[in-house]
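Working notes, beginning with the structure itself.
The values are calculated or read from the model by the stated rules, or taken from the named source; none is laboratory data. Quick caveat, the model's predicted, so the values are computed rather than measured. Neighbour counts run over all protein chains shown; Cβ positions are idealised from the backbone, glycine included. These area figures cover heavy atoms from the full protein model, side chains too; ligands, DNA and RNA do not enter into them. Shrake-Rupley method; radii C 1.70, N 1.55, O 1.52, S 1.80 Å.
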Amino acid sequence: MALDARLLAVLACPVDKGPLYYLGDEGGLYNPRLRRTYPVRDGIPVMLLDEAIEVPAEEAEALDARIA
């Protein structure tokens with residue numbers, strides 16, 4: 001289930017308040033500045049710091065290229 005474009009326009013990282021990039025429900029929302037993803041469960045973004053996933057450097061480079 002894709003996230004609504006209006007929701008994506010207002011979502012921001014809870015840590016640095018910057019924009020997030022939607023990678024699909026499987027990839028979640030990605031913050032390239034902090035190399036962190038936030039999961040999306042049943043179409044609902046989980047914007048809790050405790051639920052965030054640190055992205056390894058190699059994977060972050062691939063994600064950065066994908067969103068560029």
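Of the numbered criteria (1) buried (at least 17 other Cβ atoms within 10 Å of the Cβ); (2) touching a helix residue (DSSP H, G or I) at 6+ places or on another chain (Cβ under 7 Å), the one residue 15 fails is (1). For region 34-68, how many residues meet the condition of being over 20 Å from residue 3 (Cβ atoms) and among the charged types (D, E, K, R)? Final tally of qualifying residues: 7.
Hey, among 53, 44, which residue is at pLDDT 95 or above, β-branched (Val, Ile, Thr) and open to solvent by 80 Å² or more (accessible area, probe 1.4 Å)? Outline the logic, then answer.
Values: 44 fails: at pLDDT 95 or above.
None of the other options fit; the residue is 53.
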